[in-house]
There are 2 protein chains.
Amino acid sequence: MTGRRHDPDRRSRIIDVCLDLIAEVGVAGVSHRKVAAAADVPLGSMTYHFAGMDELLREAFGRFARAGSDGFEQRMSEATDLESARAAVVAIITQDVFGTQRDLVLTHELYTLASREPAYRELTNAWMARSRAALERHFDPVTARLLDALIEGLTIHRALDTEAPQPGTVTEAVRRITTPA
Amino acid sequence: MTGRRHDPDRRSRIIDVCLDLIAEVGVAGVSHRKVAAAADVPLGSMTYHFAGMDELLREAFGRFARAGSDGFEQRMSEATDLESARAAVVAIITQDVFGTQRDLVLTHELYTLASREPAYRELTNAWMARSRAALERHFDPVTARLLDALIEGLTIHRALDTEAPQPGTVTEAVRRITTPA
DNA sequence: CCGCGTTACGTACGGTCGTACACATCGCCC
DNA sequence: GGGCGATGTGTACGACCGTACGTAACGCGG
């Protein structure tokens, strides 16, 4: 039971390093050998800890999705009224969950996998469900759904657009979407 | 006797087949050999027609982006007033540009590349610029920008969400975004 | 009809990949 | 202390990869 020689978080570290590597070279460029080298573990550790590349990828993106979801919920839970809820959504879009280039790239990689393979779609579905639930604490279901889509779209634009976005644009979009007829 | 010798559209066919293959197995799963087999051309044709994998991918996604852009412009050009412009946007989201699973997957693959490599970001930027210009024929610049983001977001949700979307949701979203204070 | 440049192809090479599997190293129990 | 499972590692194998390059098939001016 106690027989662990070294490095109890090795498995977890491999997963983290794998995410970093994906952000850098893409899922396409990741290999057992590169992850092993980056995590400074022997190649044999890869097959020892993970049944195959799929298992590693699924665990890595599972962790990533859960982390994003947690940040989202946290941010929304701090809002108390309509105005602060709107502000929370703006914060999520402009600085929070996808603030870094790393997270933006990882999000796209995950979506790409999800668009083709059902196993990954479960991850994105769970993520979207949690986001919507968090939004529904402050908005009606239809608005929550639309907001969720808007967040997605504005995030992507922020990721790909080269020209800097207007500061008030996001605020304006959130205001319009959260203003029913 | 070796047939095939003269085949003027070969290069073009390779590009099309490459897109199909990407949709099926992802950029990660594409190789010169697989494309050659799928297009029924010898392996040597790959290096003959394309300097390398990058060139093939860039041409393929260039064609894809231009096709999507064309459809977008066409659809918007048919609108004559505010109401028909709104309807055109709804049509784009729900049935048109990303109507097929193939196109959805390809869009994500392109975004993933663009999020990491500037060469592909030029493609997505040109695409987004054309979309915005088409929208600005009917909407003010800020609204056009927001609409563009909304289209992106709703499209992604349509792609990944398993549960069927409410029919009126998209219409409602477009109405809200295109209704300034 | 004949060279001959252009176009296109077949193949072979060096490299990276995932993974299996023999083997080393440890803690524990007797 | 000595065997013995459990835990972890090093390495080798076969598959697949991109690409370079020698060579064959063609069109055409002479």
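The values are calculated or read from the model by the stated rules, or taken from the named source; none is laboratory data. In this text, all values refer to a predicted model and were calculated from it rather than measured experimentally. Note: ideal-geometry Cβ built from the backbone for every residue, glycine included; neighbour counts use all protein chains shown.
Looking only at region B:37-56, residues that are within 10 Å of DNA strand D (Cβ to nearest atom) and assigned to a helix (DSSP H, G or I) come to 11 in all.
Within region A:34-55, the presence of at least one residue that is β-branched (V, I, T), at negative phi and under 23 Å from the mean Cα position of the chain (by Cα) is confirmed. Scanning for something away from DNA strand C (no atom under 14 Å from the Cβ), within 20 Å of B:A28 (Cα to Cα) and modelled with pLDDT of 95 or more, does region A:49-56 turn up at least one residue? Taking every residue of region A:49-56 in turn, none turns out to be away from DNA strand C (no atom under 14 Å from the Cβ), within 20 Å of B:A28 (Cα to Cα) and modelled with pLDDT of 95 or more. When restricted to residues that are farther than 17 Å from A:L104 by Cβ and touching a Lys or Arg at 6+ places or on another chain (Cβ under 7 Å), region A:55-85 contains 2. Summed over region A:134-167, the residues that are facing another protein chain (nearest Cβ under 9 Å) and farther than 21 Å from A:L104 by Cβ give a count of 4. Please indicate, with yes or no, whether at least one residue in region A:11-21 is within 10 Å of DNA strand C (Cβ to nearest atom) and out of contact with any helix residue (DSSP H, G or I) (no Cβ under 7 Å at 6 or more places or on another chain). Taking every residue of region A:11-21 in turn, none turns out to be within 10 Å of DNA strand C (Cβ to nearest atom) and out of contact with any helix residue (DSSP H, G or I) (no Cβ under 7 Å at 6 or more places or on another chain).
Residues in region A:158-170 that are surrounded by fewer than 22 Cβ atoms within 10 Å (Cβ to Cβ) and under 22 Å from the mean Cα position of the chain (by Cα) were compared, and the one that is modelled with the highest pLDDT is A:L160. Can you spot a residue in region A:17-29 that is part of a loop (DSSP other than H, G, I, E, B) and either out of contact with any Asp or Glu (no Cβ under 6 Å at 6 or more places or on another chain) or under 19 Å from B:A28 (Cβ atoms) (or both)? Looking for residues that are part of a loop (DSSP other than H, G, I, E, B) and either out of contact with any Asp or Glu (no Cβ under 6 Å at 6 or more places or on another chain) or under 19 Å from B:A28 (Cβ atoms) (or both), one finds none in region A:17-29, hence no. B:G29 meets all of the listed conditions (1) loosely packed, with under 14 Cβ neighbours inside 10 Å; (2) within 14 Å of chain A (Cβ to nearest Cβ); (3) away from DNA strand C (no atom under 16 Å from the Cβ) but one, namely (3).
Hey, could you check region A:93-124 for residues that are in a helix (DSSP H, G or I) and of a type in the set (D, E, K, R) and say which is surrounded by the most Cβ atoms within 10 Å (Cβ to Cβ)?
This residue is A:E109.
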